[in-house]
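S.K.: Before anything else, here's the structure in question.
The values are calculated or read from the model by the stated rules, or taken from the named source; none is laboratory data. Note that this is a predicted model, so its numbers are computed, not measured. For neighbour counting, all protein chains shown are included, and Cβ atoms are generated from backbone atoms with ideal geometry for every residue, glycine included. Areas reflect the complete protein model, heavy atoms only, side chains present, ligands, DNA and RNA absent. Shrake-Rupley method; radii C 1.70, N 1.55, O 1.52, S 1.80 Å.
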Amino acid sequence: RGAEGPRTLSDAPLRHGSAFGAYQALDEASRGATRGVISRKAVASEQVRWLPPLDSTLRTPHEPQEGRQVMPCFPLGSYLPNTNEGLNIFEPRYRKMYSDILMSGGRRFVVVPVAQTEDGGIRLAEFGVVFYLDDLQEVSEQTNDRVKYICKHSLIGRMKLLRVLNPVAFLDASTYLRVEVEEMVDTDEDQTWSEDEQGLMDSVTKAVGLLGRSEPGLRITDQALEGRNASRGAGFWGLAELWQEILSAKVQACEQSYNAELREIVVPYLKDNGPRSLEEIPAELQQEIDRLGRTWREKMVPLAEARDKRSQLLVQAESHIDRLKIMRGFVDSDRKEAEARIALKDVFRK
């Protein structure tokens with residue numbers, strides 16, 4: 001993430017040597033558009049809190065207000081604290097950002113989702129997660145300068161964005177964004193919620209068993225819950241990460257099904273006709289591939305958007321009890337969906 005854009009049918013290289021090699025190239029290219037959609041981190045929901053759209057007319061950056069903390073901002077998407085993420089950096093403005101945070105010794109920046117308004121404006125989410133740079137490898141020689149850095153990060157906290165100092169930078173790509181922020185502290189920091197935490201864990205345990213029965217190919221073992229808890233901080237965020245991984249597994253299962261159907265369409269043609277460039281594939285086959293891609297995108301995109309929206313709702317919650325309630329709502333909703341799937345399967349089985 002942060003380095004590769006989605007690939008299209010028209011720009012994918014063809015692997016020569018076998019019909020299946022040609023299929024692999026076509027599969028990689030056609031799935032690229034799907035991956036580009038489902039991996040995007042834009043979150044579109046009235047429940048997610050956004051800053052006002054970026055002011056493209058502001059050519060002179062704001063001066064920071066005295067006493068406010070200023071951080072670099074990477075509008076990359078929605079992430080969870082107390083996790084780890086790797087990024088490949090190639091864009092010039094973010095190469096500069098990494099050089100600057102290394103030179104300053106801060107090694108930190110804030111990551112937020114970004115979305116487009118109905119009238120074409122750009123807005124950032126009001127809340128983001130702090131990335132702390134743990135490790136950086138310079139790989140420009142190995143990648144012919146296509147990628148500059150491979151970076152590993154710890155996600156160490158949450159920030160509320162107060163103001164974007166240089167909004168036009170996002171639009172003209174002249175440099176990275178700088179934002180005024182304040183650290184988020186739970187409003188209920190001095191309170192304990194043991195019963196609510198246990199209630200969430202009970203809901204998770206019940207839902208996990210049902211999800212494993214309702215989703216073909218979704219394997220959730222009892223060991224996945226060992227040592228898990230919903231306590232404030234690392235415990236809760238670890239549980240939230242597990243639930244996000246379950247949603248990601250659903251998306252991956254859809255991708256695998258799509259891949260199998262694509263193979264059924266393409267491989268027989270390639271076996272009969274030999275390797276072909278993508279432009280040489282008949283229009284009828286191209287249309288069938290496009291139709292298949294649209295069908296599976298309709299299934300995968302809502303799952304990915306739900307995953308990203310959920311992450312952001314948890315990040316922006318201002319108290320531990322709010323996060324517990326939000327998370328339990330997610331879990332109970334998924335449990336009810338699983339119960340409905342199981343009931344429907346039983347009807348057809350009978």
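S.K.: Taking Ser311, is it more than 19 Å from the chain's Cα centre (by Cα) and either under 13 Å from Leu247 (Cβ atoms) or not in a helix (DSSP H, G or I) (or both)?
M.R.: It is false that Ser311 is more than 19 Å from the chain's Cα centre (by Cα) and either under 13 Å from Leu247 (Cβ atoms) or not in a helix (DSSP H, G or I) (or both).
Here is a yes/no grid of residues against (1) closer than 24 Å to Glu126 by Cβ; (2) among the β-branched types (Val, Ile, Thr); (3) within 25 Å of the chain's Cα centre (by Cα):
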position: Ile150; (1), (2), (3): no, yes, yes
position: Leu161; (1), (2), (3): yes, no, yes
position: Thr175; (1), (2), (3): yes, yes, yes
position: Asp190; (1), (2), (3): no, no, no
position: Gln198; (1), (2), (3): no, no, no
position: Leu211; (1), (2), (3): no, no, yes
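S.K.: Another question about this same structure. Any idea which of Leu292, Leu247 is open to solvent by less than 40 Å² (accessible area, probe 1.4 Å), in a helix (DSSP H, G or I), touching a helix residue (DSSP H, G or I) at 6+ places or on another chain (Cβ under 7 Å) and under 28 Å from Gly227 (Cβ atoms)?
M.R.: So the residue among Leu292, Leu247 that is open to solvent by less than 40 Å² (accessible area, probe 1.4 Å), in a helix (DSSP H, G or I), touching a helix residue (DSSP H, G or I) at 6+ places or on another chain (Cβ under 7 Å) and under 28 Å from Gly227 (Cβ atoms) is Leu247.
S.K.: Another question about this same structure. Looking only at the stretch 139-178, which residues are touching a Pro at 6+ places or on another chain (Cβ under 8 Å) and part of a strand (DSSP E or B)?
M.R.: Within the stretch 139-178, Leu155, Ile156, Gly157, Arg158, Leu177, Arg178 qualify.
S.K.: Something else: Residue check: is Phe127 of a type outside the set (A, V, I, L, M) and touching a Phe, Trp or Tyr at 6+ places or on another chain (Cβ under 9 Å)?
M.R.: It is false that Phe127 is of a type outside the set (A, V, I, L, M) and touching a Phe, Trp or Tyr at 6+ places or on another chain (Cβ under 9 Å).
S.K.: Considering only residues that are buried (at least 19 other Cβ atoms within 10 Å of the Cβ) and basic (Lys, Arg), look in the stretch 140-159 and name the one that is nearest to Gly86 (Cα to Cα).
M.R.: Restricting to residues being buried (at least 19 other Cβ atoms within 10 Å of the Cβ) and basic (Lys, Arg), the top hit is Lys148.
S.K.: Before we move on, is Gln252 farther than 26 Å from Glu305 by Cβ, open to solvent by 60 Å² or more (accessible area, probe 1.4 Å) and assigned by the TED database to the domain that holds His320?
M.R.: So Gln252 fails the test.
S.K.: If I ask for residues that are in a loop (DSSP other than H, G, I, E, B) and charged (D, E, K, R), which ones from the stretch 229-244 would you list? Lay out the reasoning, then the answer.
M.R.: Looking only at the stretch 229-244, we keep the residues that are in a loop (DSSP other than H, G, I, E, B), and these are 229-233.
If the condition is that a residue be in a loop (DSSP other than H, G, I, E, B) and charged (D, E, K, R), then Arg232 is the only one that fits.
S.K.: What number of residues in the stretch 237-276 are aromatic (Phe, Trp, Tyr) and without any contact (Cβ under 8 Å) to a residue 24 or more places away in the chain?
M.R.: Summing the residues that are aromatic (Phe, Trp, Tyr) and without any contact (Cβ under 8 Å) to a residue 24 or more places away in the chain in the stretch 237-276 gives 1.
S.K.: Please go through the stretch 216-244 and give me each residue that is closer than 18 Å to Arg307 by Cα, open to solvent by less than 30 Å² (accessible area, probe 1.4 Å) and not polar (S, T, N, Q), ordered by number.
M.R.: Leu218, Phe236, Trp237, Gly238, Leu239, Ala240, Leu242, Trp243
S.K.: Any idea which of (1) closer than 17 Å to Arg328 by Cα; (2) in the same structural domain as Val111 (by the TED database); (3) among the small types (Gly, Ala, Ser) is the one Ala169 doesn't satisfy?
M.R.: Evaluating Ala169 over (1) closer than 17 Å to Arg328 by Cα; (2) in the same structural domain as Val111 (by the TED database); (3) among the small types (Gly, Ala, Ser) leaves (1) as the failure.
S.K.: Would you say Asn88 is over 27 Å from Arg49 (Cα atoms) and touching a strand residue (DSSP E or B) at 6+ places or on another chain (Cβ under 8 Å)?
M.R.: Yes.
S.K.: Moving on. Going through the stretch 46-98 one residue at a time, which ones are charged (D, E, K, R), assigned to a strand (DSSP E or B) and either open to solvent by 50 Å² or more (accessible area, probe 1.4 Å) or free of Cβ contacts under 8 Å to residues at least 40 places away in the same chain (or both)? Let's see the steps before the verdict.
M.R.: We begin by selecting, within the stretch 46-98, every residue charged (D, E, K, R); these are 46, 49, 55, 59, 63, 66, 68, 85, 91, 93, 95-96.
This time we only want the ones that are assigned to a strand (DSSP E or B), so: 85.
The answer is none; no residue qualifies.
S.K.: Looking only at the stretch 174-215, filter to residues that are acidic (Asp, Glu) and under 19 Å from Gly235 (Cβ atoms); which one of those is most open to solvent (accessible area, probe 1.4 Å)?
M.R.: Applying the first criterion (acidic (Asp, Glu)) to the stretch 174-215 yields 180, 182-183, 186, 188-190, 195-197, 202, 215.
Filter once more, keeping what is under 19 Å from Gly235 (Cβ atoms): 186, 188-190, 195-197, 202.
Numbers: Asp186: 23, Asp188: 5, Glu189: 123, Asp190: 139, Glu195: 161, Asp196: 63, Glu197: 36, Asp202: 86 Å².
My answer is Glu195.
S.K.: Which pairs have Cβ atoms under 6 Å, sit 6 or more apart or on different chains, and link a residue in the stretch 206-235 that is under 24 Å from Pro81 (Cβ atoms) to one that is basic (Lys, Arg) and surrounded by 15 or more Cβ atoms within 10 Å (Cβ to Cβ)?
M.R.: What qualifies is Ala207/Arg335.
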